[in-house]
Amino acid sequence: MLLKKWIVNALILCGALGFGATATAQQGLRSQRPDFLIGFAAANDFWTLQDAQKFSEVAAREFNLITPENQMKWAIIHPESDVYQFAAADAHLAFARKNQMKVHGHVLVWHSQIPAWMLEKNWARNELIDAMYSHIDRVMGHFKNGVYMWDVVNEAFNEDGSMRPSFWQKNLGDSHLPLAFTRARLADSRAKLLYNDYNIETLNRKSDAVYKMVQAFRKNGVPIDAIGMQMHITSGGIDMTSFQQNMKRLANLGLDIYITEMDVRIPKNAQEAGLPDQAQVYAQVLKACLAQPACKGLQTWGMSDKYSWVSGFYKGFGSALLFDENYQPKPAYFAVEHVLKSTQ
Ligand code: G3I
């Protein structure tokens, strides 16, 4: 019954937007544009979910890029000073290998999910730099040849472009960024190195700060390959001209761009009504990305609405992804599929 409703909705929407889309998701997004990375963040231990089989089946059919949503974060992978737990992340890599997917490593240096043993200690500067280096060496070394790209530093800036007063900033100052990127290149010379953040899609004070950081990196020979734009947005969308201009200035610095964590949340009291807007937003963003040669991939932060972080975090919002809670493709899915197909 629910499936029927979605199909009808999707067909209505496709008609309305001029999309000649199919009503089922049998082929998968990845097969529409094999040259483009289309990815998702995978729920913790997804192989243990009660609907693990469905989860894996849809993931393998649809995506050629996977990010462990949480299981490469410091607190999880390195919970004690002398303990590394790689098993969960290894299972993601095995799944990726089996299904010919690339892996996006998330994340090496971040203000959140820092384990207690790190936070509780009084660090001398050199001691903390050594700890950061050994974490980067150990984690990147473990996944060498298995992880295609790494978020080296995540969310280091405030909205006004100043530095976030994070654990790293307080202890090491601005230098934690070049130190982390330089070490990451040494630890795995083939992995793509990303700076990743939210609200940096358009031209604003935060994206200006990121731009200036990369200019300084270029001047000083600090390695960086790409910017990850998280893109946690609403069905109201973003300023597309500003997004295009921002991508252009980053591309002019020789950077690649990845949309790393896209979701488009809808107010809970307008779920059905918000679906066409949501589809439009996904389609516009993907189209602009595909029109910019430096933009190499788009990932959603989750796959099914069933396991999305959104409703837990943004009270009154939900339904932000391409698949509903029953893994049925939503209008946004068909809009994305259409853009991939029609821009080949
Ligand atoms: O690991 C503990 C577990 O021991 C404990 O029993 C459980 C009880 O709540 O919590 C577990 O930690 C949770 C963690 O996910 C791992 O599952 C945290 O409570 C929970 O807050 C955490 O949420 C994640 C959040 O990042 C913080 O790390 C979300 O699932 C994840 O979607 C979200 O992802 C972030 C990206 O990393 C960076 N960009 C923004 C994005 C959305 O916030």
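Descriptive notes on the structure:
- Shape call, the range 121-234: gyration tensor on alpha carbons, a/c limit 1.5: oblate
- Computed over the chain with a Gaussian network model linking Cα atoms closer than 10 Å, the most mobile of 76, 38, 227 is 76.
- Within the range 220-242: backbone nitrogen closer than 15 Å to the residue 186 label point (7 Å, Cα to C-beta): 222-223
- Restricting attention to the chain, close to 10% of DSSP beta bridges with both partner residues there are antiparallel.
- Inter-centroid distance (Cα atoms) of the range 158-187 relative to the range 200-258, Å: 17
- DSSP bridge pairs, the range 187-334: antiparallel proportion in percent, nearest 5: 15
- Compared with the dominant principal axis of the Cα atoms in the chain, helix 2-17 is inclined by about 90°.
- Over the chain, DSSP H runs of length four or greater, each weighted -39,500 (n - 2.57), average out per residue to a 222 nm ellipticity of -13500 deg cm²/dmol.
- Computed from Cα atoms, the angle from the helix 240-252 axis to the main principal axis of the chain rounds to 40 degrees.
- Per residue Cα convex hull volume in Å³ - calculated over the range 2-342: 130
- Relative intensity, log₁₀ I(q)/I(0), of the range 197-344 from a Debye sum that treats every alpha carbon as a point, q = 0.19, 0.21 Å⁻¹: -1.10, -1.27
- Here the peptides 140-152, 63-75, 255-267 are ranked by packing, the mean other Cβ count within 10 Å, and the order with the highest first is 255-267, 63-75, 140-152.
- Part-to-part distance (alpha-carbon centres) for the range 267-316 and the range 63-138, which is given in Å: 26
- Our estimate of slack between residue 245 and residue 162, defined as 0.36 nm per intervening residue step minus the Cα-Cα distance, is 27.7 nm.
- Rounded tilt (10° steps) of 52-62 against the dominant C-alpha axis of the chain: 80
- Dipole of the chain, positive direction: furthest Cα of 334, 309, 158, with charges on the beta-carbon: 334
The numbers here are math on the coordinates, done by the rules we state, and not lab data. Because the structure is a prediction, the values reported are computed rather than measured. Here Cβ is always computed from backbone atoms with ideal geometry, including for glycine, and neighbour counts include all displayed protein chains.
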